[in-house]
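Data first, discussion second: the structure below is written as structure tokens.
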Amino acid sequence: MRRTRWRHGVVAAATAGLVAATGIIMATSAQAAVGCRVTYTAGSQWPGGFTANVGITNLGDPISAWSLVWTFPAGQRVTQAWNANVTSSGDQVTATNVSYNGGLATNATVSFGFNGSWTGTNTAPTSFALNGVTCTGSVGGTTPPPTSSTPTTRPPTTSPTTPPPAGNAMAAVAAMQPGWNLGNSFDAVGADETAWGNPRVTEALLDNIRAQGFNSIRIPVTWSNHHGGAPNYTIDAAWLNRIREVVNWALADGFYVMINLHHDSWQWINTMPTDRTNVLARYNALWTQLAAAFRDASPKLTLESVNEPQFTGASDEAQSISLLNELNTSFRNIVRASGGGNATRLLVIPTLHTSADAARVDPALAWFQAANDPNLIATVHYYGYWPFSVNVAGGTRFDATAQADLTGAFDRVFNAFVNRNIPVIVGEYGLLGFDRHTGTIQQGEKLKFFEFFGHYARSRRITTQLWDNGQHFGRTSFQWSDPELINQIKSSWTTRSGTASSDQIYVPRTGAITAKSLTLNLNGLSFQGLRQGSTDLANGTDYTVSGSTLTLTPAAVTRLVGSRAYGVNATIQARFSAGVPWRINVITYDPPVLSNATGQTGSFNVPAQFRGDQLATMEAKYADGSNAGPHNWTSFKEYDVTFAPNYSANTITLKPEFFAEVNDGQRVTLTFHFWSGTTATYYVTKSGSNVTGSTS
């Protein structure tokens, strides 16, 4: 039988100070000084459950593996953990290192987290033992004065079935972090939830998402194919009951839940500039029915007025803003007037296009201030700096420009809303290139994006909900398609991780092997060392660190590349004082070799011997230096839209979308940029539907 878990809105703000700081292990011998400090923080809790983070600082001699043992004083249980292997025997808990975080130098820190269950009280443990020795306060047994008292976690004073009190929206939204989108299911435009290829949603799917540590779930719903005509626009009973069923599953799992009008935004709501009367009548009829259907639902159900509002044919931005204000006002009035739990239900209000641009945030703030409703939430979406997000215009890296775009967006909504106690949810986030496949953006660069995204959202007290159309978490396998990516995302919920200028080191296949350097991005952490598998590399012999520059010695590179076969020869990990380690692939390559070819505009393949290298981007120019192909404001074309490598077939495909905007009879110079830094030049000429390609 499924256990019902409730998560209450009074969380982060009320429990941020729930920290138990314990001391340091005493030395056990004259040869090995042992000492540590353990910080146990319960960052949030709810009736029956909580999330905790445990930090271990090693103050003694370096250790190569660790085991931390404690006893829960009130019968708590660990239900899920990350960055550690956790087992329990009754009240006693043992956490051991995972493969990448066992080694701890002197003064190094490692952290791990877990979700737990509790009844009665949630008193923090007060004693920890590291590798069999009890923490006491200092190496040698000197205990420093306590820096904080050991708190007792108390159950929330508000019933989970009671609507959150007015003004408590900030705490409720904090409790929703982190969140996940059930994308491409009920929002699919078609006969049912399977219309876009995902399987039917199951109760087990929601259980497994909850077990991954997500506290809120956004369930996008498109209603356009599931209601009758004017004037009543009656929602299909079977469709509404199915939505209600899945919502109830999610609420029973302890999620905060959000439902909305999703692709209705571009299917018919967008025609409001020319069909205002009919659009408003349809919109109002749908929300009147939905407000009645969910009037008495748990207060953990939130309603979002419309997804990504947009208006086709609006005379200007001001008209679009005016129309959106009208919709949002009507939505709020309808829901509030329906009474019951809806009188104080949390309502989610988007900016125009759910954009964080100042031109959209400022009018939304004015609407919020006029509404003067303490139970409203502002929402925007964020898919990154566009050239980086789709890999166009040379935007191959998460660089300073891409980072500034993110900080600018989050700063604007923080200053406009959060600083005024109006909570903000980034209702969708990801990268736009993921619409095609996650490989559109190079792995290391995407990891840096998600690491910084999670960090900066935390710093701005913004709740985030990952967009997942089925490509991240398997709907039936219940496994992540990219464990490295989700580990980075999960880590960012609680801490920073170190990264580097690249996750690749390229070594030529022939010639003398030289030292190889990367720039470390410490992100406020300390570098702890390099590891290959379970073996630590030796500082000074295998690598050196000068400031933020990490350099592998020629001897280490020689050992790592081995026989120098093309491709990845070795993988090492840079470890830091917190977060997940940074993977570095050591790759042997030679400059790629391209060959002449003929073909058709519908399918033209450039023969390519990649020889261990990987393609980053492609430039296209005419003989006079002007840009060729789509997006002719830049020479750098869009990855996977105009070109795509096929490493197994040894080809680079130039797609029909590229040739559709290439002048007939004009020779185009293509420059392929590879991640090793190598470039290769190729020439193509289109004649009708025929294409000729050559290397000279």
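Side notes on the structure shown:
- Residues D61 and N278, FRET efficiency given R0 of 60 Å [Cβ-Cβ distance, rounded to 0.05]: 0.20
- The length gained on full extension between D435 and S546, counted as 0.36 nm times the residue separation minus their Cα-Cα distance, comes to 35.9 nm.
- Two-site label geometry, S89 and N333: point separation in nm, points 7 Å out along Cα→Cβ: 6.7
- Placing +1 on the Cβ of every Lys and Arg and -1 on the Cβ of every Asp and Glu, with nothing else charged, gives the stretch 239-376 a dipole about its Cα centre of roughly 500 debye.
- Here r is the Cβ-Cβ distance between T669 and F478 and R0 is 45 Å; the resulting FRET efficiency, rounded to 0.05, is 0.40.
- Most positive-pole-ward Cα, M272, G427, C36, against dipole of the chain from beta carbon charges: C36
- Label-point separation in nm, V593 to D411, each point 7 Å along Cα→Cβ: 5.1
- Trypsin sites (Lys or Arg not before Pro) lying in DSSP loop within the stretch 294-374, provided at most 15 other Cβ fall within 10 Å: R295
- Per residue of the chain, the DSSP helices (runs of n ≥ 4 H) give a summed -39500 (n - 2.57) that works out to -6500 deg cm²/dmol at 222 nm.
- Computed over the chain: relative contact order in percent, which uses C-alpha pairs under 8 Å that are six or more apart: 9
- Span-rule helices in the chain, defined as complete DSSP H runs reaching 18 Å or more along the axis (Cα) with Kyte mean at least -1.0: 237-252, 276-293, 317-337, 358-371, 400-416, 443-459
- For the pair the stretch 444-510 / the stretch 295-314, the C-alpha centres are spaced 28 Å from each other.
- Label-to-label distance, A204 versus E661, with points set 7 angstrom from Cα along the beta-carbon direction: 4.6 nm.
- Cβ-defined net charge surrounding I321, 14 Å radius [Lys, Arg +1; Asp, Glu -1]: -4
- Counting DSSP beta bridges with both ends in the chain, the antiparallel % (nearest 5): 75
- Between the stretch 104-124 and the stretch 616-662, the alpha-carbon center distance in angstrom: 50
- Each Lys and Arg Cβ is given +1 and each Asp and Glu Cβ -1; about its Cα centre, the chain then shows a dipole of about 1380 debye.
- The stretch 217-293 and the stretch 567-606: distance between their alpha carbon centers, rounded to Å: 45
- Residue among V641, S689, Y506 farthest towards the positive dipole end of the chain, charges placed on Cβ: Y506
- Among residues other than A359 with Cβ under 12 Å from its Cβ, the summed charge is -2 (Lys and Arg +1, Asp and Glu -1).
- Measuring against 24 Å, Cα to Cα, the residue pairs K621/K655; K621/K686; K448/K621; K490/K637 contain K448/K621; K490/K637 as the ones spanning a longer distance.
- Charge tally around G444: other residues with Cβ under 13 Å, Lys/Arg +1 each, Asp/Glu -1 each, net -2.
Every read-out reported here was derived from the displayed coordinates using simple, explicitly stated rules and does not represent laboratory data. What you see is a predicted model, and the numbers here were worked out from it, not measured in a lab. Here Cβ is always computed from backbone atoms with ideal geometry, including for glycine, and neighbour counts include all displayed protein chains.
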